[in-house]
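> Here it is, the structure, as structure tokens.
The values are calculated or read from the model by the stated rules, or taken from the named source; none is laboratory data. Note that the structure is a prediction, hence the values are computed from the model and not measured. Virtual Cβ from ideal backbone geometry, glycine too; neighbours counted across all protein chains shown. Only protein heavy atoms, including side chains, enter the accessible area calculation; ligands, DNA and RNA are left aside. Shrake-Rupley method; radii C 1.70, N 1.55, O 1.52, S 1.80 Å.
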Amino acid sequence: MATSRRTFLKNLSAAALTAGLPPVANAKVPPVFPVVVSTWNFGLQANVEAWRILRTGGRALDAVEAGARVPEGDPNETSVGLGGLPDREGRVTLDACIMDEQSNCGAVVCLEHIVHPISVARKVMEQTPHVMLSGRGALQFALAHGFKKENLLTPASEKAWKKWLKKGKYKPIANIENHDTIGILALDANRHLSGGCTTSGMAYKMAGRVGDSPIIGAGLFVDNEVGAATSTGVGEEVIRIVGSHLVVELMRQGHAPQQACEMAVARIVKNQPVKSKEIQVGFLALAKDGDVGAFALQKGFTYAVHTETGNVLKSAASFYA
Ligand code: ASP
């Protein structure tokens, strides 16, 4: 199946070249755009905000930032932004990154006290010569750019952490609120792609731990010629395969986003045949033609897709039943 599709696309590109047309790898179906896709159930609300921008011809970059800010600002979401579950010392440390259609990117890691790390990441991208700022430097930068210093540890998250401390056992539970990142990808009316990814990381992680989410290529990757991808789940396993970059490169080779996500998950299974049975990792991909794919290790990974026909929550297929 994969081979015949590759051959088909190769022939298609060759035919397009002969005809003097640009080699559009995804010329099989009429493009679907604008479109925005986001991970997990909170992706539905995030998509609503992103769509406000996309439907009036706005930029994908603005859309993904606006969408990501929704769970970041929600104190009841315990895996992103305000209300995020803390590390084992009780500190809420946030990771985020953003990438646009020109491969500009920005990231913050281990950022404390700021509700919207996605917006700080965007400022890093737009107003510094760097890609990533961490910890104290990221906080200083945020404060210097007008972000307010706040306490992100809500009473509910503090209570959960104190309960966890009694046993102090670190064991991520697949699909439970001790992790879940929002990854959001958009294709705008100008057919430009952008993506954002933001999280409080794995609950009760070691102090200083950084996952895949703020790492360009791991938690997020955008290539405006090909597509975009993002990930969620146990970040260590995603980093090991540079997951989102892998998904985009598989799409570049002619694989549909669905196949690309499946192949990336299969890579994790191959690398970690035992551990992969117990953890969750999910990939979400959006091709340049608006085609969407998603796949996870375990059941339970949901994602939301918003096109002009509506905003729908879907369940990704999984490697393990
Ligand atoms: N990928 C995130 C991390 O490892 C957590 C998650 O998405 O569940 O920090």
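> Pull up the range 268-321, narrow it to residues that are assigned to a strand (DSSP E or B) and among the aromatic types (Phe, Trp, Tyr), then point me to the one that is farthest from Leu193 (Cα to Cα).
Among those residues, the one meeting the criterion is Phe295.
> Taking the range 198-242 on its own, how many of its residues are within 21 Å of Phe295 (Cβ to Cβ), polar (S, T, N, Q) and part of a loop (DSSP other than H, G, I, E, B)?
Total meeting the criteria: 1.
> Sticking with this structure for a sec: Can you say whether Asn47 is within 20 Å of Thr309 (Cβ to Cβ), in contact with a strand residue (DSSP E or B) (Cβ under 8 Å, 6 or more places away or on another chain) and at pLDDT below 95, as far as the supplied structure shows?
no
> Can you pull out the residues in the range 113-141 that are more than 23 Å from Gly67 (Cβ to Cβ), under 22 Å from the mean Cα position of the chain (by Cα) and open to solvent by 40 Å² or more (accessible area, probe 1.4 Å)?
Once the filter is applied, which keeps residues that are more than 23 Å from Gly67 (Cβ to Cβ), under 22 Å from the mean Cα position of the chain (by Cα) and open to solvent by 40 Å² or more (accessible area, probe 1.4 Å), the range 113-141 yields His130, Ser134.
> Which residues, taken from the range 78-107, are open to solvent by 50 Å² or more (accessible area, probe 1.4 Å), touching an Asp or Glu at 6+ places or on another chain (Cβ under 8 Å) and within 16 Å of the ligand (Cβ to nearest atom)?
Answer for the range 78-107, where residues must be open to solvent by 50 Å² or more (accessible area, probe 1.4 Å), touching an Asp or Glu at 6+ places or on another chain (Cβ under 8 Å) and within 16 Å of the ligand (Cβ to nearest atom): just Arg91.
> Can you confirm whether the range 3-25 contains a residue that is surrounded by fewer than 24 Cβ atoms within 10 Å (Cβ to Cβ), hydrophobic (A, V, I, L, M, F, W, C) and modelled with pLDDT of 90 or more?
no
> I'd like the full set of residues that are near the ligand (Cβ under 8 Å from one of its atoms) and touching a His at 6+ places or on another chain (Cβ under 8 Å), limited to the range 202-246.
If the condition is that a residue be near the ligand (Cβ under 8 Å from one of its atoms) and touching a His at 6+ places or on another chain (Cβ under 8 Å), then Met202, Thr232, Gly233, Val234 are the ones that fit.
> How about the range 58-77: which of its residues are surrounded by 24 or more Cβ atoms within 10 Å (Cβ to Cβ) and either touching a strand residue (DSSP E or B) at 6+ places or on another chain (Cβ under 7 Å) or in contact (Cβ under 8 Å) with a residue 60 or more places away in the chain (or both)?
Hits for the range 58-77 are Ala60, Leu61, Ala63, Val64, Glu65, Gly67, Ala68, Pro71, Glu72.
> Which condition number in (1) over 24 Å from Gly73 (Cα atoms); (2) within 13 Å of the ligand (Cβ to nearest atom) is the one that Leu286 fails?
Among (1) over 24 Å from Gly73 (Cα atoms); (2) within 13 Å of the ligand (Cβ to nearest atom), the lone unmet condition for Leu286 is (2).
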